[in-house]
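One structure is given here, and the rest of the page talks about it.
The values are calculated or read from the model by the stated rules, or taken from the named source; none is laboratory data. Since the model is a prediction, treat every value here as computed from it, not as a measurement. Cβ placement follows ideal geometry from the backbone for every residue including glycine, while neighbour counts extend to all protein chains displayed. Note: accessible area is taken over every heavy atom of the protein model, side chains too, but ligands, DNA and RNA are not part of it. Shrake-Rupley method; radii C 1.70, N 1.55, O 1.52, S 1.80 Å.
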Amino acid sequence: MKSISVKKILTTKPESQKVVLNGWVKTFRSNRFIALNDGSTINNIQCVVDFEEFDEQLLKQINTGAALRITGELVESQGRGQSVEIQVKDIFVHGGADPEVYPIQPKKHSMEFLREQAHLRVRTNTFSAIMRVRSALSFAIHQYFQQNGFYYFHAPIVTGSDAEGAGEMFKVTTLDSKNPPLTEDGEVDYKQDFFGKETNLTVSGQLEAEAYAMALGKVYTFGPTFRAENSNTSRHLAEFWMIEPEVAFNDLNDNMDLAEDFMQNVIKYVLANCVDDLTFLEKRLLDVEKTKPQAERSEMALIEKLKFVSENTFKRVSYTEAFQILRNSKPNKKKKFKYPINEWGADLQSEHERFLVEKHFKCPVILFDYPAEIKAFYMRLNEDGKTVAAMDVLFPGIGEIIGGAQREERLDVLKEKMATLNIPEEELWWYLDLRKFGTAEHSGFGLGFERLVLFATGMGNIRDVIPFPRTPQNAEF
Ligand code: 4AD
Ligand code: MG
């Protein structure tokens, strides 16, 4: 007989029909009630055992974490809290989980402890809920783009270019690190390396996506990206997933419209499709918030916050306007910012972004027209000659969640910019070709997928929303 998922069973009409299901024991109470979960939903099915009918040795193996196959009858539940339950007729133990050594016991574990048990933490309610929401979000993202005429584009992972120009790349090489071949000048001779040149893991698929947008019109990437930045924060990973739409003939305003519509759409999707998980995560967040001082608590509960963001327009503010707000702000005057805001041109830190979003505007904000100096080489220079058509989307509790721009489509302006930044034309000859042949205005942005999952789940640390996080000094599993 085919087994049935817990999710399915919980909405099946109980008629004492025979059912078979597989799952893991969450709890086993009074030698009578097994709460079984198979990962299909956050909810468990209660399986009622008549212990007199089962061998004592078998019952001893029914511990938290044990994998079981249960055969029984689906009946209306006698107890409260569930509508159906299973009268167990037969139990097969696929594999036990010795409570003396199994780390995931039915009690509160710290997030730090669970990070060390990343291969098992998904068996907790919190992590299974996060990972189901993560899966739903990624589906929603594909669905949004596929329904809106975008083509999924697979950017290369190994690349020779540094798209963001920040030099935070992981090298890809097969050279012997102890004894690399050298050139006459004593430098490592990458001509003899696997690809015949220096290569690294990509920090962004944007440059390649631009090439494809300039033929397919609308494309998006959704893949892993890598940054060797040594930032040990709750918002940074060394390996993270990025979604990068790129659209030919779009200007910066179109780009902001797309970012807003896209974000609202995927958040609406999880609101509609992940109710049980979000309800659980909301309760969890409330418990966490209770331990914080009043001033640091969020004003909205999780689901309310997701609704708010998906229904209200994002506030669009130029860098210059934001700079003035920040310079005149209370925390700046009282020297509460770690990085004081004095001069136009200062890069905004996450403390400033969060002030704007959480204290000043109290809604998602799109900042645009940043000083050219603090942004990447490919962004389009504005008429004023000192700002570029950049945009960052800032979210409450997160800060920057999206970074994007209208791209510099004018060959001469781009060449000049590359020259000032010492980016050799030979390295990006193909990128310049895009400006030589059929160039046109175009725009795009990058969404950090884990920052979106952070926002949607109300979690506080980015290490907890990716299955196996890679951060400085940590690549276990
Ligand atoms: O702002 P970034 O660096 O922009 C780009 O890479 C552009 N090439 C995107 C584009 O226009 N196609 O990164 C985009 C987003 C950030 O807003 C942030 O959400 C996320 O990627 N991000 C990170 N997420 C986790 N860990 C890190 N180390 C991240 N660095 C950036
Ligand atoms: Mg950025």
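Structure values in brief
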read-out	value
Solvent-accessible ranking of K268, K218, K359, K417, largest area first, probe 1.4 Å	K359, K268, K218, K417
DSSP-loop chymotrypsin sites (Phe, Trp or Tyr not before Pro) across segment 45-109, with at most 13 other Cβ within 10 angstrom	none
Segment V93-A440, length gained on full extension (0.36 nm per residue, minus Cα span)	118.6 nm
Within the chain, helix-based [θ] at 222 nm, where runs of 4 or more DSSP H residues each add -39,500 (n - 2.57), nearest 500	-9000 deg cm²/dmol
Dipole-positive endmost among Y212, N232, N200 within segment 195-254 (Cβ charges, Cα centre)	N232
D257 - accessible surface, heavy atoms, 1.4 Å probe, Å² rounded to 10	80
Ordering of 382-394, 312-324 by burial proxy (mean other Cβ atoms within 10 Å per residue, highest first)	382-394, 312-324
Accessible-area value, D50, 1.4 Å probe, nucleic acids and ligands omitted, Å²	60
P(r) histogram, all alpha-carbon pairs of the chain included - 20 Å bins from 0, percent	20, 46, 26, 7, 0
Segment M300-Q78, length gained on full extension (0.36 nm per residue, minus Cα span)	76.3 nm
Over segment 6-104 - Rg/Rh using Cα atoms and the Kirkwood inverse-distance radius	0.94
Kyte-Doolittle mean at least -0.5, axial Cα span of 20 Å or more - DSSP H helices of the chain	125-147, 252-273, 275-290
Unit charges on C-beta of K, R, D, E only; dipole of the chain, Debye	2040
Percent accessible area from carbon and sulfur atoms, the chain, protein chains only, probe 1.4 Å	49
Per-residue HN-Hα couplings for segment 368-382 [Karplus 6.51, -1.76, 1.60; θ = phi - 60°; Hz; x = Gly/Pro]	9, 6, 7, x, 4, 4, 9, 10, 5, 5, 8, 7, 6, 6, 7
Most to least packed among 447-456, 292-301 [average Cβ atoms within 10 Å]	447-456, 292-301
Prolate/oblate/rounded label for segment 67-151 (Cα gyration tensor, a/c 1.5)	oblate
